[in-house]
Structures are given as C-alpha cells and as structure tokens.
Amino acid sequence: MLNKRTTEVYALGQHISMSAHKARRVIDQIRGRSYEETLMILELMPYRACYPIFKLVYSAAANASSNMGSNEANLVISKAEVNKGTIMKRLKHRARGRSFAIQKPTCHVTIVMKDISLDESIDTDSITWSQKAKWKKKDTTMSYYDMYSNGGTWDKK
C-alpha cells in the first residue's frame, strides 16, 4: 500500500452574509496567485467581501502549516469557489400597517491551497515551450493613458 502525501489543504466558510455575486468579484482576482500576493491584494481592495475571504485564506495557510508543515512562501491558491447559500427572509415594517419582505443572501466560500514544493507530479523537462508560456505570470502593470497628448477631442472639427 502506497502512502500518498497530499499537497492540498482547504478552508471553508459557510453562511457568510453577502451575495455570491459580490464575493465572486473578489475571488476572481485572487484565483491562481501566491499566498503573499493574495494577502496584499485583499488588504488593498476596497470591497466588503475582502475581509471574510482574507480570513479564509489566512486559515487555509494555517491549516497547511499545521497539517503538512509547509512554508507559506510555497503556497498557491489552486481553487477558489463561491456557492450560493441560504437566503434569510426578514420583514420590514412599512406605513399603514403593511410589511415589506427583505431577503438577506448568504454564500459559501471554499479556498483550496496547494504547496508547490511538495508537488512532484510536474516534470519541467517534459513540458513544451507553449505550455510554459501559458504558465507565465500575466503582466498586470497599469499604463497611464494621457488624453491630452493627442490634442483632445475638442480640437477636431
């Protein structure tokens, strides 16, 4: 019997009180990134969904260090998904004795982190150059567009 060492750990957050659409907006930015880069992105993004996701990423890294003994510099978010949760239904009182239904959505967030130092299934010698080009880090630098350099739109007749 072979003893296969697992290279993935996960953290699951259930019944987080926000819509799944708002949480997906943040999750799409951190999927596939390293642990340190993810923490920096989540600290600087201005969305309310960042704090519970930050806690989940931090928890998944703590799970990796305690369960597998891995270093946080080797962790990469391999899978991150957001599922729709239950909807809490409340009533808001309105004028003339009426009431209005309020729906408070929840979501379930799953963060799966992979230790790339323990992953021995990828042999870099057998990978073609086109596959290596796909794995290259995307250029995320922002370029400043100067709208005054071309004279602006008001100079044209």
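The values are calculated or read from the model by the stated rules, or taken from the named source; none is laboratory data. Computed from a prediction, not measured in an experiment: that's the story for all the values here. Every residue, glycine as well, gets a Cβ built from its backbone with ideal geometry; the counts of neighbours run over all protein chains shown. These accessible areas exclude ligands, DNA and RNA; they are computed on the full protein's heavy atoms, side chains included. Shrake-Rupley method; radii C 1.70, N 1.55, O 1.52, S 1.80 Å.
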(message) Quick test of your reading of the structure: Gln14 fulfils all but one of (1) in a helix (DSSP H, G or I); (2) surrounded by fewer than 14 Cβ atoms within 10 Å (Cβ to Cβ). Name the failing condition by number.
(response) (1)
(message) Filter the stretch 21-51 down to the residues that are aliphatic (A, V, I, L, M) and in contact (Cβ under 8 Å) with a residue 40 or more places away in the chain and list them by number.
(response) Ala23, Ile27, Ile30
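Given the criteria aliphatic (A, V, I, L, M) and open to solvent by less than 40 Å² (accessible area, probe 1.4 Å), does Ile77 qualify? Talk me through it step by step, then tell me what you get.
Values: aliphatic (A, V, I, L, M): yes; open to solvent by less than 40 Å² (accessible area, probe 1.4 Å): yes.
Here the answer is yes, as Ile77 does meet what is asked.
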(request) Mind checking which helices (runs of 4 or more DSSP H) fall wholly inside the stretch 18-104 and carry at least 1 residues that are of a type in the set (Asp, Glu)? (result) 20-30, 35-44
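From the list Lys132, Lys114, pick out the single residue that is in a helix (DSSP H, G or I), under 24 Å from Gly32 (Cα atoms) and modelled with pLDDT under 95.
Lys132
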(request) Taking Arg96 as meeting all but one of (1) over 20 Å from Arg24 (Cβ atoms); (2) surrounded by fewer than 18 Cβ atoms within 10 Å (Cβ to Cβ); (3) within 21 Å of the chain's Cα centre (by Cα), write down the number of the exception. (result) (3)
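Rundown of residues vs (1) open to solvent by 60 Å² or more (accessible area, probe 1.4 Å); (2) over 16 Å from Ile30 (Cα atoms), yes/no style:
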position	(1), (2)
Phe54	no, no
Ala60	no, no
Val82	no, no
Ala101	yes, yes
Pro105	no, yes
